[in-house]
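So the structure is just underneath, and the comments pick up after that.
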Amino acid sequence: MTAADILLADDLGNGLRRLTLNRPERLNALNHPMAEALLAQFEGLRRNTDVRVVILTGAGRAFSSGADLKAGGTPEALRDGPNGDWVLRDLMKAMRACPQPLIATVRGPAAGGGLAMALACDVIIAGETAAFHPAFINIGLSGSELGAAWRLQRMIGLSKARETLLAGRPMSAAAALEAGLVSQVAAEADLDATGEALAADMLRAAPDALRLTKRTLDAALEAISFDAAMELEERAQMLMIRSRSSAPRL
């Protein structure tokens, strides 16, 4: 299976791209070719001004079941960690550096590395069958990996995040909505359309407004005070005001 087959990239028009993890027979488990294809895609998006919003989803009945453990000992096995090339770590960083808003539409399991990919998106929309599994600790690994600790504690709070990661407890779509992990739960048949409708709302904004808003939201998470956050917001707003005032008038 080629990189083009393992990760489908469809441009839906008006600046919207849908990326589909396409190993449905393995519940879209992450092997090395898929990880490399994802990394190349998100690194390429960083300088792409034609694509303005990205939807990430999975083919079949799962978002992603995480690392493909059955690929061990084969050429497709993930080559990550101290003796690998850190492709999954680089993927998470590339997703967070992506200037386009990222929307994850999750049906079925998002486990381990699949959960980390969903957490790296800006908005998560769950189908009714979605289940969020922090599987790391259940297979003898640290419960915090691939940025999950950083993202989850900010998304659902310290106590709930630590309960989830330390106990390895899966979270249903309804529980994820209650905890604030996802923005909404859609019927399975409506999940794709719900994601595209949200993207359409985002795409009404000016291109620079989308990018600056995302950059400011990310920077505000690191701001040390309310005043520092407002300073970041003011700089972004001044850039937008200046760009509008300097635009040619018809």
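The values are calculated or read from the model by the stated rules, or taken from the named source; none is laboratory data. Just so you know, these numbers come straight off a predicted model, no measurement behind them. Cβ sites come from the backbone with ideal geometry, for glycine too, and all protein chains shown count toward neighbours. These area figures cover heavy atoms from the full protein model, side chains too; ligands, DNA and RNA do not enter into them. Shrake-Rupley method; radii C 1.70, N 1.55, O 1.52, S 1.80 Å.
Here are some notes:
- Antiparallel DSSP beta bridges within region 26-177, as percent of all bridges there, nearest 5: 15 percent
- Efficiency of FRET between A223 and T129 - r from beta-carbon atoms, R0 51 angstrom, step 0.05: 0.85
- Local electrostatic count, A94, Cβ distance below 11 Å [Lys/Arg +1, Asp/Glu -1]: +2
- Only lysines eight or more places from K214 in sequence, or on another chain, were considered; those with a Cα closer than 29 Å are K93, K160.
- Subtracting the Cα-Cα distance of A189 and R61 from their residue separation scaled by 0.36 nm leaves 44.9 nm.
- Once the Cα atoms are used to define both axes, helix 191-202 deviates from the longest principal axis of the chain by about 20 degrees.
- Between L239 and W86, the simple spin-label model (points 7 angstrom out along Cα→Cβ) gives 2.6 nm.
- Net length gained if the chain between N14 and M155 were fully extended (0.36 nm per residue, minus Cα distance): 47.8 nm
- As a fraction of the 1.4 Å probe accessible area of region 104-250, surface on carbon and sulfur atoms comes out at 56 percent.
- Here region 24-64 exposes an accessible surface that is 46 percent carbon and sulfur, computed with a 1.4 Å probe and the other protein chains kept in place.
- Amide H contacts under 5 Å for V106, placed H, 5+ residues apart: I125, A126, G127
- Solvent-accessible area per residue, Å², over region 172-238 with all protein chains present [probe radius 1.4 Å]: 61 Å²
- Residue order for D122, D201, D68 - accessible surface, 1.4 angstrom probe, largest first: D201, D122, D68
- With a Förster radius of 45 Å applied to the C-beta separation of N48 and R162, the computed FRET efficiency comes to 0.75.
- Accessible area in the full protein assembly, largest first, 1.4 Å probe, for S142, S159: S159, S142
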